[in-house]
Amino acid sequence: MSEDSVRVVLCAASAYDRKYYFNRQFDRLPENVKEELHILCVLFTEEVGGIFSILFTPEGDVEMETQCDEGDLLYDDISGGLLIKEIRRKKRELFEALSVYYRVAVLKQDPGQLLSETDEDSNEE
């Protein structure tokens, strides 16, 4: 796998060992954002089970994924998919801001151009 195709985990939570992980590479994010991500991940695993992760794609987009251990009969795959859709809708602004942050801080893209693209996307809707 090439380095360009690697996704970077921002944070994750596991219902199995009841732990939360936050990637220290992103410690410079505001505390309220880190807290919101923590709550989001933990509540997801409490409701659905399994492991829930928020990641950055190589292009800087934010993705969410969920998975479970083989044989986990309590994991609710359907609820997981529905909850991800709801989170994506309700937390759209947060994920857009995280994407801009990643593209500027990690990918070293031009912030002015990113903000104008975000404004154009908003006007199309």
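Summary table
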item	result
Test: residue in the stretch 38-59 that is outside any helix (DSSP H, G or I), small (Gly, Ala, Ser), more than 11 Å from the chain's Cα centre (by Cα) and modelled with pLDDT of 90 or more	yes
Every residue from the stretch 26-52 that is free of Cβ contacts under 8 Å to residues at least 40 places away in the same chain, surrounded by fewer than 18 Cβ atoms within 10 Å (Cβ to Cβ) and either of a type outside the set (Val, Ile, Thr) or more than 19 Å from residue 67 (Cα to Cα) (or both)	27, 30, 31, 32, 34, 35, 38, 43, 46, 47
Selection from the stretch 85-106 of residues that are among the aliphatic types (A, V, I, L, M) and either in a helix (DSSP H, G or I) or open to solvent by 60 Å² or more (accessible area, probe 1.4 Å) (or both)	87, 94, 97, 98, 100, 104, 105
Residue 102, sole failed condition from (1) at pLDDT below 90; (2) touching a Gly at 6+ places or on another chain (Cβ under 6 Å)	(1)
Residues of the stretch 7-22 satisfying the condition of being touching a residue at least 24 places away in the same chain (Cβ under 8 Å) and in a strand (DSSP E or B)	8, 9, 10, 11, 12, 13, 14
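The values are calculated or read from the model by the stated rules, or taken from the named source; none is laboratory data. Quick caveat, the model's predicted, so the values are computed rather than measured. We place every Cβ from the backbone using ideal geometry, glycine too, and count neighbours over all the protein chains shown. Just so you know, the surface numbers come from the protein's heavy atoms only, side chains and all, with ligands and any DNA or RNA stripped out. Shrake-Rupley method; radii C 1.70, N 1.55, O 1.52, S 1.80 Å.
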